[in-house]
1. Kirkwood Rh and Cα-based Rg: tell me the resulting Rg over Rh for segment 65-208, rounded to two decimals.
2. Report, to the nearest 10°, how far helix 55-67 tilts away from the longest principal axis of the Cα atoms in the chain, using its own Cα long axis and a range of 0 to 90°.
3. Please determine, in degrees from 0 to 90 and to the nearest 10, the orientation of helix 125-154 with respect to the longest principal axis defined by the Cα atoms of the chain, where the helix direction is its Cα long axis.
4. Along the principal axes of its C-alpha atoms, what lengths does segment 22-282 span, in descending order and rounded to whole Å?
5. Given only helices, namely DSSP H runs of n ≥ 4 each adding -39500 (n - 2.57), what is the per-residue ellipticity at 222 nm of the chain, to the nearest 500 deg cm²/dmol?
6. Quick check on segment 215-272: take the gyration tensor over C-alpha atoms, sort the square-rooted eigenvalues as a ≥ b ≥ c, and tell me if it's rounded (a/c under 1.5), prolate or oblate.
7. What is the sum of charges around Leu250, taking Lys and Arg as +1, Asp and Glu as -1, for the other residues whose C-beta is under 10 Å from the C-beta of Leu250?
8. In what sequence do Leu206, Leu199 fall when counting other Cβ within 10 Å, fewest first?
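Bear in mind that the values in this text are calculations on the coordinates, not laboratory data. As the structure is a computational prediction, the values presented were derived from the model and not from experiment. Because the Cβ atoms are built from the backbone with ideal geometry, glycine has one as well, and the counts that use them run over all protein chains shown.
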Amino acid sequence: MQNLSKNGFAHSIVPRDKILSLRLDEIWRYRDLMFLFVRRDFVARYKQTILGPAWFFIQPLLQTAILTVVFSGIANLPTDDIPPILFYLAGVTAWNYFAQCLKSTSNTFTANAHLFGKVYFPRAVTPISIVISNLIQFGIGLFLFLIFYGYYAFTGYPVMPNSVLLLLPILLILMGIMGLGLGMLISAMTTKYRDLQHLVDFGVQLLMYATPVILPLSALPEKYRIIMLVNPMTGIIETFKYGFFGLGTLQWSLLTYSAAFTVAAFFVGLIVFNKTEKNFMDTV
């Protein structure tokens, strides 16, 4: 709509963005740019490393080896009668996807300020593309896990997938969206409080010890179990393991809590992120 000012010049009158506007339609219109970012993120991550994509295999193997030696070999912690290597590798595979999504999206504004200051596009396209590109790393990690899983099955160990495994795509969506929502929220906050960025890596590492990656939920004493139950990743990882092993804790209430937390984190994160993008250049 146009209106004439007192001096005769025409100017446009446009509605202000609503506070709760998600702008999902605008993000969808820029989907081609999103997939260009996906390719950029994947190629750039290990482009100048000696081993390149081999790190996708090396990292979970090293994590699993350390966890197996320390917590199973030395501390002798239980693993729900699941071979320790399979137990820890399953947990690491699921946790790494969530953790990578959270850490990679939590510095969106500070890491891309040079790009955001030159051209306009919905800024949420950038963290969403990171979550999608991390699916490649998850797929490689899952392939590695299935190699060990197949080995134990071939050698006669009673590992048998069940119908809960059909929830794997849903679990994957929950992990990605949860990491995206929390990452966007942290990214918006770091435009003013840079110290938060330094706490993300430490916080994610600490949070891992409050999930069934290290210790199964069933092995925790009742008085300490609430600590792990509050973690929204607990229900996802327990369901992930139950689908492959048929052992552990399968509680639909836990999974429902994880889903509700994910939805809330995504909408709050996206709203705050969209609001911050309007004036973040003044603080970055």
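1. Numbers: Rg = 18.3 Å, Rh = 17.2 Å.
Result: Rg/Rh = 1.07.
2. With rounding to tens, the tilt is 50 degrees.
3. Here the helix axis deviates by roughly 10 degrees.
4. Reported extents, whole Å, longest axis first: 59, 44, 34.
5. Working: 12 runs with 178 residues, N = 284.
Result for the chain: -20500 deg cm²/dmol, rounded to the nearest 500.
6. Details: a/c = 3.04, a/b = 1.69, b/c = 1.80.
Oblate, because a/c is 1.5 or more while a/b does not exceed b/c.
7. Numbers: positive: Lys241; negative: Glu238.
Residues near Leu250 contribute 0 overall.
8. Working: Leu206 10, Leu199 14.
Fewest-to-most ranking of Leu206, Leu199: Leu206, Leu199.
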